[in-house]
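First up is the structure itself, then whatever we jot down about it.
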Amino acid sequence: MNRRLGWFLGAGLLVALVLAGVVSNFASSHPDGLESVIHQGCEFNEDDEIIGGECVAQQAEDHELANSPFADYGLAGVDNAFLGTAVSGVLGVLVTFAVGAGLFWLVRRRGPAGATANAPDSDGAAGSR
Amino acid sequence: MSELALHISNGIINGPVSAAFGAVAIVGLAIALARGRADLDDRLAPMAGLVAAFIFAAQMLNFAVLPGVSGHLLGGALAAILVGPWIGAACVATVLVIQALLFADGGITALGLNVTNMALLGTAAGYLLVAALLRVLPRNLTGLGITAFVASVVSVSVAAQGFVLQYLLGGTTDFAGGIGALAVAMAGPHALIGIGEGIIAAATVVTVAKVRPDLVYALRRFRSAPARAQAAVPAGGAA
């Protein structure tokens, strides 16, 4: 990995961290497309609990990890929603990058040291270009 | 009930059908990783990690599409353009697994359903459009932007209908009006979500193509030398 790629990755990560850590607090809190469809036919109270009617979401069960510290992009024990979302967003971006880059690094095609995209396949893997 | 639920939760689709799609997801991802390994060099591996992280961030940004209804990026078309269909599918799946395990978003028993819709169907549909459009549209940033936009709209719509298929096979209640009404109810908002996603995806890939056209998989694949020279011109001119 050369330095120019390092700068690009750093800048990209910074954008993702700002989006997830800051901008996310200004996101719409209305149900998304799927959720609104499975809510059709039911009535809800202010806590978003079903109080009547019939809808798909009636059968929805709690998440297996509903009580985990970062459930629903919050922070358990912290009432400040802004802080909870920011911490969850930053953590999520970092974990996703670490897991993704780590996984892809482990399964990557091994070329010669310092290989670039133009390097020939040394291990005989089927080249795609 | 959760405040920010983005994906299919537990209990909506019955156990056997959820398990069957879990198997579909595992087989699909195994194929994607095996095929994608040929693309995955020292440069694409960290780039794919960044694409996954960016999709995670973008999925937190719900935007309004109708009164009382929001939507967020799914990311299949975006990932397919930036890192290719195979690794792109793995990127979206990585995001979904982390959301389910760390943020209790999208049931764990429903993970196979969500991965099938968004990572497999969404990325595959998006990539088919990309492969077709990049061959016919003008070889410039506008063509790339239009490609990202249209591929995103189709990708989101296909992913949404994936849920309809799953509901037909294993829905735990009856949707008022039947499965046809469910398909229509899903199609409307998700067409609008696709438009929002298309704008985000087009802006993202055009930005990357201006800065580092060599990092855009779809440009390497379908527009090797001439497109790179053209795409590099605005970057040089703007600097």
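The values are calculated or read from the model by the stated rules, or taken from the named source; none is laboratory data. Everything quoted here is computed from the prediction, not taken from an experiment. Here the Cβ positions follow ideal geometry from the backbone for every residue, glycine too, while neighbour counts run over all protein chains shown.
Some observations on this one:
- Enumeration of residues in region B:18-49 that are surrounded by 17 or more Cβ atoms within 10 Å (Cβ to Cβ), within 14 Å of B:Asn117 (Cα to Cα) and not aromatic (Phe, Trp, Tyr): B:Ser18, B:Ala20, B:Gly22, B:Ala25, B:Gly28, B:Leu29
- Matching residues, region B:43-72, being part of a loop (DSSP other than H, G, I, E, B), touching a helix residue (DSSP H, G or I) at 6+ places or on another chain (Cβ under 7 Å) and closer than 16 Å to A:Tyr73 by Cβ: B:Met60, B:Leu61, B:His72
- Region B:56-77, residues that are aliphatic (A, V, I, L, M), within 21 Å of A:Ala86 (Cα to Cα) and within 8 Å of another protein chain (Cβ to nearest Cβ): B:Ala57, B:Ala58, B:Met60, B:Leu61, B:Ala64
- Evaluation of A:Arg3 against the conditions (1) out of contact with any Phe, Trp or Tyr (no Cβ under 7 Å at 6 or more places or on another chain); (2) at pLDDT below 95; (3) within 27 Å of B:Ala201 (Cβ to Cβ); (4) surrounded by fewer than 19 Cβ atoms within 10 Å (Cβ to Cβ) shows that the sole unmet condition is (3).
- Among the numbered conditions (1) small (Gly, Ala, Ser); (2) within 30 Å of B:Val17 (Cβ to Cβ); (3) more than 9 Å from every other protein chain (Cβ to nearest Cβ), the only one that B:Gly143 does not meet is (2).
- In the set B:Val233, B:Val150, B:Val206, B:Val158, only one residue is of a type in the set (Val, Ile, Thr) and at pLDDT below 95; that residue is B:Val233.
- For B:Gly49, the conditions (1) more than 10 Å from chain A (Cβ to nearest Cβ); (2) out of contact with any strand residue (DSSP E or B) (no Cβ under 9 Å at 6 or more places or on another chain) all hold with the exception of (1).
This table checks each residue for (1) crowded, with 23+ Cβ neighbours inside 10 Å; (2) assigned by TED's automatic domain parsing to the domain that holds A:Tyr73; (3) part of a loop (DSSP other than H, G, I, E, B); (4) not basic (Lys, Arg).
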| residue | (1), (2), (3), (4) |
| --- | --- |
| A:Asn25 | no, no, no, yes |
| A:Val37 | yes, no, no, yes |
| A:Asp48 | no, no, yes, yes |
| A:Ile51 | no, no, no, yes |
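- The single condition from (1) modelled with pLDDT of 95 or more; (2) farther than 21 Å from B:Gly88 by Cβ; (3) more than 7 Å from chain B (Cβ to nearest Cβ) that A:Ser88 fails is (3).
- Counting only helices (runs of 4 or more DSSP H) that sit completely within region B:103-184, those holding 3 or more residues that are more than 25 Å from B:Ile13 (Cβ to Cβ) correspond to B:122-136, B:141-170.
Let's see how each residue does on (1) of a type in the set (Gly, Ala, Ser); (2) modelled with pLDDT under 90; (3) surrounded by 21 or more Cβ atoms within 10 Å (Cβ to Cβ):
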residue: A:Glu64; (1), (2), (3): no, no, no
residue: A:Thr96; (1), (2), (3): no, no, yes
residue: A:Leu106; (1), (2), (3): no, no, no
residue: A:Pro112; (1), (2), (3): no, yes, no
residue: A:Ala117; (1), (2), (3): yes, yes, no
